[in-house]
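Notes follow once the structure below has been shown.
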Amino acid sequence: ISELFTVAESALGKLNHTQQNSIIWMYNYLGLKKEVIVTLIFYCLRINKTNSGYIEKIAYSWSENEINTLSAAQEEVQRLCSAHDYSGKIAKMFEMDRRPTPKQTEFINSWREAGFSTDLIQLAYEKTRDQINKLSFDYINKILLSWKDSGFTTPDQVREAESAFRRKKGTAKNQQSAGPDVEKYKVVINKF
């Protein structure tokens, strides 16, 4: 425990009584190994969330999910950092002044799990702003899902499909504006 306190103090500064109790709780009650607790502390330091309650919440989650080896803890930290970075990029892209709500976080996590690139999400965001002039996670999600259903995975594929649609629509419109096909009606006209 004293070894854990020393390492934790090197990261967090002088430990208060609550922080010391947290470390003892993680080690004795949850049964987390020293290297796992150290990994957890340094992860929390990296994301600037070093209060005891937050650290304990993650420690409990790791204990429940049997993340109790250094390699498992490092993998989990990598996953959490990736999710945190992805979420941060999207929040910045959407010009959000606050942290995403739990519902918005669900959307962001589902986009990350579905493999949507931030570039594709940026395009969906721009389309949403053009159409409804506000940020709507639900609207962006519908756009992304429709693109996924159509097989589009990059902004270039979406733009190319839109260009092809406009060209096709323009061709059809030009044919309509050319006037009626007189040949079709010659049979009717000749009867008179």
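The values are calculated or read from the model by the stated rules, or taken from the named source; none is laboratory data. Everything quoted here is computed from the prediction, not taken from an experiment. Please note: Cβ atoms are built from the backbone with ideal geometry, for glycine as well, and neighbour counts cover all protein chains shown. Ligands, DNA and RNA are stripped out before the accessible areas are found, and what is left, the full protein with its side chains, is counted by its heavy atoms. Shrake-Rupley method; radii C 1.70, N 1.55, O 1.52, S 1.80 Å.
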State the Cα centre-to-centre distance between region 109-146 and region 65-90 in whole Å. 24
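Output the pairs from 57/89; 89/127; 127/148 with a Cα-Cα distance over 22 Å in this structure; if there are none, say none.
Values: 57/89 24 Å; 89/127 18 Å; 127/148 15 Å.
With Cα atoms farther than 22 Å apart: 57/89.
Are there trypsin sites (Lys or Arg not before Pro) in region 34-108 that DSSP marks as loop and that have at most 15 other Cβ atoms within 10 Å, and which are they? Could you put the intermediate results ahead of the total?
Values: sites: 34, 46, 49, 57, 79, 89, 92, 98, 103; in loops: 49, 98.
Answer by residue number: 49, 98.
Can you send over the carbon and sulfur percentage of the accessible area for the chain, probe radius 1.4 Å, protein chains only?
Details: 6350 of 12770 Å².
Its accessible area is 50 percent carbon and sulfur atoms.
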dims of the chain, Cα set, principal axes, largest to smallest, nearest Å -> 107, 31, 22
Against the longest alpha carbon principal axis of the chain, how many degrees, from 0 to 90 and to the nearest 10, is the axis of helix 182-191 turned? 40
Pop out the Kirkwood hydrodynamic radius of region 1-47 from its pairwise C-alpha distances, inverse of mean 1/r, in Å to one decimal. 10.5
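May I ask for the equivalent-ellipsoid semi-axes of region 12-102, computed as the square root of five times each C-alpha gyration tensor eigenvalue and listed largest first in whole Å? Walk me through the numbers on the way to the answer.
On the way: eigenvalues 132, 50, 23 Å².
Equivalent ellipsoid of region 12-102: 26, 16, 11 Å, largest first.
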Quick one: accessible area per residue over region 1-125, 1.4 Å probe, rounded to a whole number of Å²? 58
Per residue of the chain, what 222 nm ellipticity follows from adding -39500 (n - 2.57) for every DSSP H run with n ≥ 4, rounded to the nearest 500? -24000 deg cm²/dmol
Relative contact order computed over the chain (Cα-Cα under 8 Å; 6+ residues apart), in percent: 12
How much FRET efficiency would the formula 1/(1 + (r/R0)^6) give for residue 129 and residue 97, where r is the Cβ-Cβ distance and R0 is 25 Å, rounded to 0.05? 0.95
Figure the gain on full extension for residue 69 and residue 25 (residue separation times 0.36 nm, minus the Cα-Cα span) and round it to one decimal in nm. 14.1 nm
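Output the Kirkwood hydrodynamic radius of region 24-71, Cα pairs only, in Å rounded to one decimal.
Working: mean 1/r = 0.0950 Å⁻¹.
10.5 Å is the Kirkwood radius here.
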Just to make sure I understand: if all protein chains stay in place, what is the order of 147, 62 by accessible area at 1.4 Å, largest first? 147, 62
Below 8 Å, C-alpha to C-alpha, sequence gap of six or more: please give me the relative contact order for region 99-157 in percent. 39
Give the average over all directions of the projected area of the C-alpha convex hull of region 44-157, one decimal, in nm². 8.6
